[in-house]
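The next block holds one structure in the form of structure tokens; read it before the comments.
The values are calculated or read from the model by the stated rules, or taken from the named source; none is laboratory data. Since this is a predicted model, take the numbers as computed values, not measurements. Methodologically, a virtual Cβ is constructed for each residue, glycine included, from the backbone with ideal geometry; neighbour enumeration extends over all protein chains shown.
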Amino acid sequence: MSTIAEAQAHNQISEPAHKKQEAPLWLVSLTILLPTSFAMLATSATNVAMPHIAGFFGSTLDEANWVITSYMIANAILIPLTGWLENLMGRVMFLKVFLTIFTIGSVVCAFASNLNILVLGRVIQGIGGGPMMPISQAILIAAFPFEKRGQAMALFGFSVMVFSILGPTFGGFIVDNSAWQWIYLVNIPVGIFSVILVHCNVAELENRKIPEKVDFVGLIALVIWLMSMQIVLDKGQQFGWFDCAWISWLTGISVFSFVFFIVWELECKNAIVNLRVFKDKNFFIGTILGASVNMIIYVTIVLLPQFLQSLMGYTAMLSGMSLAPRVLSCIFMLFIIGKMVEKIDNRILVSVGFVFLAASTYMYANLNLSISFDYVVIPNILMGIGVILVFIPISALCLGTLPKSELSNGAGLHSLCKCVMTAFVVSMSSTLVARLSQIHQTYLVKNLSDFNLTYQNHINVLSHKFMASLPSVAAIQKAGGFYYKQLLAQARLMSYADIFKVFALIAICLVPLAFFLNVNFKEKK
């Protein structure tokens, strides 16, 4: 009995508890959210800079996409390890080490001499930036009084949502007016300053449990699962998905590794992640809703600028600025959401937020090739309102029922699920655009027929205009090519509309799920 008691005492208090530093909450919040904000800014800003990066290194867009993929792989691997690494290293050392890694990655990216070096820099950035979001969420929830967690999540929402949405605008401005390297250069002084702030203002984790053994089997399974999954998602459309043998094999490896990882982590005594937190109803439902919000946000962040650049001819900066109204509405909502969370049933806020998300996403489905820049303002404003109404209450309710000792682990798993869903939806949205465009093209092409009198009338009129400077045969061919190009554009436009309608339907279907959350709970130690 005494041996068991000694072992339990060793596990529970492997390091003496430290007193919390008496830094004011605003300074702790600034210390934690500053690096998180700039990590999100650099991540989303890279997306609009891809054509410029590909041109700079003389590579194709498919090759340059590894700049994004490599970051996501490293990010996804480190996110679920947040709680385990925090216990192993201590909170202060953990933050300083990973902030330093992220800063080193930014230096490598900024001064990369070829695409391979840039990809290496992005991997280093992903390793350093991966734990930033879950650790920020966990520290804020633990630092703020229980009754003010709505305000804590409002601050967290500001750093994550506003800066990730602002990223395309920032990236577009950089690449249109300067060099893309500045996207990474701005992170270097921020990283150095953040390390100093962490050293001065962040309190050490109290009563941390130092892992006795390293779960190498679980770690290897996690790495294989996420790496193979991300490669499949990234290259599936390019190589025809399951028509390609190595894509099929890699998918099988990913699925097997995923199942093995879950079984192993549930049975292992020294698991790197505690999957049993999913038994908590609020955490389970909140993770589903949180991942769904990310899914809807990122499908619009990816597809809307893509539509404006490819079909409307917008520059990178203008396509990024199309999301600016969403930032303004997010900021406005963040000033009032703290009080709303305290006074209104959070389940109502979440359900109303999903209604706003559904309405704004459905409005995107009415885009056409004649819209003005002003047309996207209203849907973006509604999207910003919906994002904050859902994101802030979910962040508090999802982790609020977990004990403090499981906050970092729960935040890591929550962020992993959102990261995986984001990677999945970004990949599938590109595939759906390509496949649905082909379907619509098949149905539309019948209108370009010699038996269609309307088409014949239009092509005759256009051919006569071209004959002013071209021979008759060339004029007819050019008129036919012009209308076929219009057909391709319309088919692509209709594919965007279909995708937005699907995600609007998903948002509506999630409204009732919010009422299964428990809002009457007490803080757990």
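For this structure, a couple of remarks:
- The set of residues from the range 449-477 being among the aliphatic types (A, V, I, L, M) and surrounded by fewer than 15 Cβ atoms within 10 Å (Cβ to Cβ) comprises L453, V461, A468, V473, A474.
Conditions (1) assigned by TED's automatic domain parsing to the domain that holds V352; (2) outside any helix (DSSP H, G or I), marked per residue:
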{"residue": "L444", "(1), (2)": "no, no"}
{"residue": "S449", "(1), (2)": "no, yes"}
{"residue": "Q456", "(1), (2)": "no, no"}
{"residue": "N460", "(1), (2)": "no, no"}
{"residue": "H464", "(1), (2)": "no, no"}
{"residue": "Y483", "(1), (2)": "no, no"}
{"residue": "A489", "(1), (2)": "no, no"}
{"residue": "A514", "(1), (2)": "yes, no"}
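- Residue within the range 492-511 that is over 30 Å from E342 (Cα atoms), in a helix (DSSP H, G or I), in contact with a His (Cβ under 7 Å, 6 or more places away or on another chain) and modelled with pLDDT of 90 or more present: yes
- Those helices (runs of 4 or more DSSP H) lying entirely in the range 295-403 with at least 3 residues under 20 Å from A514 (Cα atoms): 324-343, 346-364, 377-400
- Only one of I117, I124, I183 that is modelled with pLDDT of 85 or more and under 27 Å from S319 (Cα atoms): I183
- Residue that is farthest from the chain's Cα centre (by Cα), among those in the range 303-343 that are surrounded by fewer than 20 Cβ atoms within 10 Å (Cβ to Cβ) and basic (K, R): K343
- Within the range 256-302, considering residues that are more than 30 Å from S164 (Cα to Cα) and among the β-branched types (V, I, T), the one surrounded by the most Cβ atoms within 10 Å (Cβ to Cβ): I262
- Just one of the listed residues (S254, S178) is assigned by TED's automatic domain parsing to the domain that holds M89, at negative phi and polar (S, T, N, Q), namely S178.
- Residue within the range 182-200 that is closer than 22 Å to N409 by Cα, of a type in the set (A, V, I, L, M, F, W, C) and not in a loop (DSSP other than H, G, I, E, B) present: yes
- Criterion violated by M317 - all others in (1) modelled with pLDDT of 80 or more; (2) more than 27 Å from L436 (Cα to Cα); (3) not aromatic (F, W, Y) satisfied: (1)
- Test: residue in the range 353-360 that is surrounded by 19 or more Cβ atoms within 10 Å (Cβ to Cβ) and among the β-branched types (V, I, T): no
- Test for I499: is it surrounded by 18 or more Cβ atoms within 10 Å (Cβ to Cβ) and without any contact (Cβ under 8 Å) to a residue 40 or more places away in the chain: no
- Helices (runs of 4 or more DSSP H) enclosed by the range 74-158 - at least 2 residues per element that are under 30 Å from N520 (Cα atoms): 82-89, 132-143, 149-157
This table checks each residue for (1) within 26 Å of W26 (Cβ to Cβ); (2) surrounded by fewer than 24 Cβ atoms within 10 Å (Cβ to Cβ).
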| residue | (1), (2) |
| --- | --- |
| L85 | no, yes |
| R91 | yes, yes |
| T100 | yes, yes |
| N116 | no, yes |
| Q125 | no, no |
| Q151 | yes, yes |
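- Just one of the listed residues (I165, I174) is buried (at least 21 other Cβ atoms within 10 Å of the Cβ), out of contact with any Pro (no Cβ under 7 Å at 6 or more places or on another chain), at pLDDT 80 or above and in a helix (DSSP H, G or I), namely I174.
- Considering the range 34-52, the residues that are aliphatic (A, V, I, L, M) and buried (at least 21 other Cβ atoms within 10 Å of the Cβ) include one that is modelled with the lowest pLDDT, namely V48.
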